[in-house]
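Take a look at the structure set out below.
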Amino acid sequence: MAASPASMSPVSMSPAPMAPVPTVLAAPRPDRPHITELRLHAFAGHRRAVLRLGPLTVLAGPSGCGKTSALAAYEALARLGGGAELGAVFPDPVARVPERARPDAQHRRGFRIGCTADGPAGPVHLDVAVQAEPELRIVGERLTADGVVLLETALRDPGRRAVQAAWHTAGSAPVTRAPLPDDRLGTPLLPLRVAGKTDGQRRVLAAAEQMVVALRSVFACDPRPGRMREPVPTGSGRLLGGCDNLADVLWRTRAECGRRHAQFVGAVRAGCAGPVADVLAEPAVGGAVRALLDRGDGTRTGLARLGHGELRYLALALVLFTGPGVLEVDPAGEVPAALQTLTVLADGFDRGLDVRQRVELLRLAARMCDRGHIRLVAAVADASWVTGAAGAAGAAGEAGADREPGADGADGVTVVHLVP
């Protein structure tokens, strides 16, 4: 599976001997850790794929090119970074092994995934090797920064349910060695193992914490209109990945922030047929709630009457207007929200949407990503319409509104073309 970011072109590195050397100021490091690169080596249909990720990234390509598996790899890394057990993250690990991969002499097969997180500690790279057969286990992990290996694990004894780990110390001993479990990622365990007494140990902790914070706040969504049409029981008020409980979330959020809700209603008005004066929820039979569109003339339209595309549009707009407190995500509770970035993984971003809806939704995404506290990785079948839509949002959007210092700009969009 090949992947190439759009608008990438080779840059000449030829020197100019007689020209004076200008003073180059280092770019300020971002305050909010975030993932800038996803690496898929022998994962599902991908072979040595490197996906560059911007604030607003679109994965584009035909069916079967690996868009969904790329999003699945990102979500898997996020869950592992949050401390999830390997079996819970990969309930069917063999399905992630390349179809034609041959086992080695010990009948082992597996896959590798990795990512890069940028933040106050600079670029930090994490790579993980997973054995899927004959039994599921992590057989190798490497955390690096500036060419220095900060953590490395390896399976030394296949008969033991542990890997041998070594992390950078730079004290009286260059590294510290200890066993770590083979069913969990080692990086999120480092704060419990590393004392932080030496500069080397503090460097390891800073890199590990940056990677974990960058991975934790991830919301994977793919709205299912069929489940959004019926009334739902009131619950936590946190939106699920399928947006099944959209009515319950509206029941909670409509009164929490009038300004944000008004913006959401404006977005719905731009993407749904007919007049829209409000989007609300009301009690239904049996203690449930149902969502409605207020048409402004006394008519209220239940979601059951909306089309497939309208429901997906409405749900994705709600996702972009909310945050970790409303979405069903696992943020790093010990880190202030101002130092975290929510990443939304949206599969089938353009599925069921007409031209007007997908353009409006991408413009909304560009505006929200421009504020710096949310990033989006979306999968679409065809990206021919994407760049113009996002560019228009950058020109006419809220440049600088509610934007935090050092936030990435999103006047454009990063398009990654995947081919079978």
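The values are calculated or read from the model by the stated rules, or taken from the named source; none is laboratory data. Everything numeric here is computed off the predicted structure, so don't read it as measured data. A quick note on method: Cβ atoms are made from the backbone with ideal geometry, for glycine too, and the neighbour counts reach across all protein chains shown. The accessibility values were calculated without ligands, DNA or RNA, using every heavy atom of the protein model including side chains. Shrake-Rupley method; radii C 1.70, N 1.55, O 1.52, S 1.80 Å.
Odds and ends about this structure:
- Highest-first arrangement of 91-103, 60-72, where packing means the average Cβ count within 10 Å: 60-72, 91-103
- Summed over qualifying helices (DSSP H, 4 residues or more, each -39500 (n - 2.57)) and divided by its residue number, the chain shows a 222 nm mean residue ellipticity of -7500 deg cm²/dmol.
- Taking all protein chains as they are arranged and a probe of 1.4 Å, the heavy atoms of ASP118 leave approximately 40 Å² accessible to solvent.
- In order through region 60-77: 3J(HN,Hα) via Karplus (6.51 cos²θ - 1.76 cosθ + 1.60), integer Hz, x for Gly, Pro: 10, x, x, 4, x, 8, x, 5, 5, 5, 5, 5, 5, 5, 4, 4, 4, 4
- Amide proton proximity set for VAL97, modelled H, under 5 Å, gap of 5+: ALA44
- Solvent-accessible area, 1.4 Å probe, carbon plus sulfur percent, for region 232-326: 53 percent
- Length gained on full extension, VAL50 to ALA173: 40.8 nm, using 0.36 nm per residue less the C-alpha separation.
- Taken one residue at a time, the phi angles of region 255-267 give Karplus couplings (6.51, -1.76, 1.60, θ = phi - 60°) of 9, 6, 8, x, 5, 5, 5, 5, 5, 4, 4, x, 5 Hz. Gly and Pro are set to x.
- Length released on extending from THR301 to THR234, taking residue separation times 0.36 nm less the Cα-Cα span: 22.1 nm
- GNM top mover of GLY226, GLY45, GLY114 - the chain, alpha-carbon springs below 10 Å: GLY226
- Structure-derived semi-axes √(5λ) of the Cα gyration tensor in Å - corresponding label in (i) 30, 25, 23; (ii) 38, 23, 21; (iii) 39, 26, 22: (iii)
- Couplings 3J(HN,Hα) for region 138-143, derived from phi with the Karplus relation 6.51 cos²θ - 1.76 cosθ + 1.60 (θ = phi - 60°), are 7, 10, x, 8, 9, 10 Hz, where x marks Gly and Pro.
- Solvent-accessible surface (1.4 Å probe) assigned to HIS107 amounts to roughly 130 Å².
- As a rough guide to protection, the peptides 143-153, 246-256 ranked by mean Cβ packing within 10 Å, highest first, stand as 246-256, 143-153.
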